[in-house]
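Quick note: the coordinates plus some simple rules give every number you see, no bench work behind them. What you are looking at is a predicted structure, and each value in this text was computed from that prediction instead of being measured. With ideal geometry, Cβ positions are generated from the backbone for all residues, glycine too; neighbour counts draw on all protein chains shown.
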Amino acid sequence: MLPVLAFTIAGIIAGIGILVNFKHLMRKIIQRIEQNNFDLQSVQKDQSKYFIFVALVEAIPILLIVLGFATMEDSTVTFASKLIAFIIIIGVMIFAIAQIWSVNQEVPREKISSTEKNLIRTTIFIGLATIYAIPIISIIGIIII
């Protein structure tokens, strides 16, 4: 049971923690667009801060994943506990995609050029990748058990 719990908690902490930071990043970008202060250097500066926070948030989930893999052999896990953990992690992932879509809809696209739209699209895909990385690893760990 310990590996399933470790994988589930890792997926929740990483998914929600990075999502909160991503929403903060997108709100900064939206604020810069509304103030006509949107340029590549400011976005890169904001993204650098985002990646530093992602690294800080992912520290504990990575330790939990290592703990889950280390204790995998010694535990017996029921199908019900695996299913519950799987549903919780998928729920976090669905919540994250809904929040990302919501923030994406808030971007005032009429005020920016196509190059800047591509920059925002790239930022959103980076956010998806960073938010989904640990939950996907957690799902794989739960399946392997």
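Using the Cβ atoms and a cut-off under 9 Å, what net charge is assigned to the surroundings of Ser42, where Lys and Arg are +1 and Asp and Glu are -1? Could you put the intermediate results ahead of the total?
Working: positive: Lys28, Arg32, Lys45; negative: Asp39, Asp46.
Around Ser42, the surrounding residues sum to +1.
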Would you mind counting up the charge near Pro3? Only other residues with Cβ under 13 Å from its Cβ, with Lys and Arg at +1 and Asp and Glu at -1.
-1
Could you please rank Asp39, Asp74, placing first whichever residue has the fewest other Cβ atoms within 10 Å of its Cβ?
Asp74, Asp39
Can you give me the P(r) profile for the range 1-41? Cα pairs, bins 10 angstrom wide beginning at 0, each as a whole percent.
26, 30, 20, 15, 9, 0
Mind checking which lysines have their Cα closer than 22 Å to the Cα of Lys49? Skip sequence neighbours fewer than 8 apart in that chain.
Lys23, Lys28, Lys117
Lys and Arg at +1, Asp and Glu at -1: add these up for the other residues within a Cβ distance under 11 Å of Met26 and post the number.
+2
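Neighbour counts of other C-beta atoms within 10 Å: give me Ile145, Ile18, Ile52, Ile84 arranged from fewest to most. Provide the component values of the computation, followed by the final result.
On the way: Ile145 19, Ile18 24, Ile52 11, Ile84 14.
Listed from fewest to most nearby Cβ atoms, that is Ile52, Ile84, Ile145, Ile18.
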Proxy exposure order for Ser81, Ser48, Ser138 (fewest C-beta within 10 Å first) is Ser48, Ser81, Ser138
Sketch the reach of a paramagnetic label on Phe51 as a point 7 Å from Cα along Cα-to-Cβ, and name the residues of the range 119-142 whose backbone nitrogen lies under 18 Å away.
119-134
Computed FRET efficiency, Cβ-Cβ of Gln44 and Ile84, R0 35 Å: what is it to the nearest 0.05?
0.30
q = 0.10, 0.18, 0.22 Å⁻¹, the chain: log10 I(q)/I(0) [Debye, one scatterer per Cα]:
-0.40, -0.93, -1.22
Could you work out the relative contact order of the range 52-145, using alpha carbon pairs under 8 angstrom and six or more residues apart, expressed as a whole percent?
56
